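Peer 1: I'd like to ask you about the structure that follows.
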Amino acid sequence: MLNKEFPLDKKSISRLATRGLPLEVLKSQIDESIDMFIEISRAQGINIVKRQGYFYFDTKYIKISDAEFCIVDIETNGSKLEKHQIIEIAALKIKNGKVIDSYESLVFTKEINPIITEITGISVQDTVDAPSLEIVMKEFKLFLGDAIFVAHDVKFDYNFISGSMQKVGLEALLNRPLCSLSLAERTIVSYRYALSYLNDTFHLNPNPSHHRAMSDVITTYGLFNLSMKNCKESLNNVEDLIKFSRQAPRLKRPKFDPFLQEEEKEKEKL
């Protein structure tokens with residue numbers, strides 16, 4: 001999920017997260033000095049450290065309880081980055097399961113499809129006094145810092161925000177991503193893993209307003225904590241958690257939707 005401009009190949013990126021990257025391999029793939037490369041990477045949200053002659057993502061050495069996770073959700077006026085834009089963004093920064101900071105903003109836009117308004121409840125009029133995309137992206141970049149970027153089906157939110165930052169002249173994101181959907185599939189038994197379905201099942205957010213950014217962030221926060229509570233694996237650091245969310249076997253889903261079964265039982269009583 002690192003952007004195309006990041007100079008390292010996939011194998012090298014994998015080694016930064018696991019067994020380390022040797023100095024000679026790192027030098028062969030970058031144009032600037034090692035120190036400059038590390039500084040540029042830090043400015044884009046990822047810290048690279050040296051241990052016993054090898055280079056690693058610092059998340060390889062950060063305990064999960066000490067890490068800052070930023071749970072993010074966006075609403076957009078369409079799905080294509082080249083044509084559409086973010087109209088709302090929200091985030092909670094958490095550490096050791098507790099919220100330590102929050103960010104939320106609508107984004108000024110001149111156009112929102114009526115279907116999007118129907119889904120989100122956000123109209124063009126709602127964004128008239130909202131800050132521009134450039135201002136919001138700059139604010140969010142400062143808020144995010146080098147936290148682990150968490151979202152439900154993370155690829156869309158991560159890539160859309162990263163691309164939006166590039167649209168306004170900022171560098172693309174390099175923060176380590178973590179998908180709450182993938183993590184849930186490995187820690188929680190559910191018939192479906194859509195955020196609304198999981199909330200109906202596990203009551204993660206007492207006052208949901210689906211397809212509004214902060215509401216979905218709060219639901220994802222509840223889901224993340226539930227996943228961590230249910231996780232029985234011995235995970236020593238953030239990279240262990242990321243690897244587990246991507247590679248551990250998914251839990252077996254029920255064959256039938258329990259909500260439909262309950263509806264059928266209720267019908268039988270009538």
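Peer 1: Please work out if Ala67 is of a type outside the set (Phe, Trp, Tyr), under 16 Å from Met137 (Cα atoms) and touching a residue at least 12 places away in the same chain (Cβ under 8 Å). It would help to see each step written out before you state the result.
Peer 2: On the way: of a type outside the set (Phe, Trp, Tyr): yes; under 16 Å from Met137 (Cα atoms): no; touching a residue at least 12 places away in the same chain (Cβ under 8 Å): yes.
So Ala67 does not fit the description; no.
Peer 1: Taking the range 77-92 as the search range and keeping residues that are crowded, with 22+ Cβ neighbours inside 10 Å and among the hydrophobic types (A, V, I, L, M, F, W, C), which one is farthest from Val154 (Cα to Cα)?
Peer 2: Looking at residues that are crowded, with 22+ Cβ neighbours inside 10 Å and among the hydrophobic types (A, V, I, L, M, F, W, C), I get Ile87.
Peer 1: Next question. Checking the structure you have, find out if any residue of the range 149-165 is over 23 Å from Asp240 (Cβ atoms), in contact with a helix residue (DSSP H, G or I) (Cβ under 6 Å, 6 or more places away or on another chain) and surrounded by 15 or more Cβ atoms within 10 Å (Cβ to Cβ).
Peer 2: Within the range 149-165, one or more residues are over 23 Å from Asp240 (Cβ atoms), in contact with a helix residue (DSSP H, G or I) (Cβ under 6 Å, 6 or more places away or on another chain) and surrounded by 15 or more Cβ atoms within 10 Å (Cβ to Cβ).
Peer 1: Right, another one. Select from the range 58-76 the residues that are under 17 Å from Pro131 (Cα atoms) and surrounded by 22 or more Cβ atoms within 10 Å (Cβ to Cβ) and list them in ascending order. Break it down stepwise before answering.
Peer 2: Keep residues of the range 58-76 that are under 17 Å from Pro131 (Cα atoms), which gives 74-76.
Result: Ile74, Thr76.
Peer 1: Based on this model, can you work out whether Leu174 counts as assigned to a helix (DSSP H, G or I), in contact with a helix residue (DSSP H, G or I) (Cβ under 8 Å, 6 or more places away or on another chain) and crowded, with 16+ Cβ neighbours inside 10 Å?
Peer 2: Details: assigned to a helix (DSSP H, G or I): no; in contact with a helix residue (DSSP H, G or I) (Cβ under 8 Å, 6 or more places away or on another chain): yes; crowded, with 16+ Cβ neighbours inside 10 Å: yes.
Here the answer is no, as Leu174 does not meet what is asked.
Peer 1: Here's something else I'd like to know. Going residue by residue through the range 196-207, is there one that turns out to be closer than 30 Å to Ile48 by Cα, touching a helix residue (DSSP H, G or I) at 6+ places or on another chain (Cβ under 6 Å) and at pLDDT 95 or above?
Peer 2: Scanning the range 196-207 turns up no residue that is closer than 30 Å to Ile48 by Cα, touching a helix residue (DSSP H, G or I) at 6+ places or on another chain (Cβ under 6 Å) and at pLDDT 95 or above.
Peer 1: What are the pairs, 6+ residues apart or on separate chains, where a residue within the range 221-232 that is polar (S, T, N, Q) has its Cβ under 8 Å from a residue that is outside any helix (DSSP H, G or I) and surrounded by fewer than 18 Cβ atoms within 10 Å (Cβ to Cβ)?
Peer 2: Asn225/Gly97
Peer 1: Sort out which residues of the range 93-112 are under 16 Å from Phe149 (Cβ atoms), among the hydroxyl-bearing types (Ser, Thr, Tyr) and surrounded by 19 or more Cβ atoms within 10 Å (Cβ to Cβ), and write them in order of number.
Peer 2: If the condition is that a residue be under 16 Å from Phe149 (Cβ atoms), among the hydroxyl-bearing types (Ser, Thr, Tyr) and surrounded by 19 or more Cβ atoms within 10 Å (Cβ to Cβ), then Tyr103 is the only one that fits.
The values are calculated or read from the model by the stated rules, or taken from the named source; none is laboratory data. Here the structure is a predicted model, which means the values were calculated and not measured. A quick note on method: Cβ atoms are made from the backbone with ideal geometry, for glycine too, and the neighbour counts reach across all protein chains shown.
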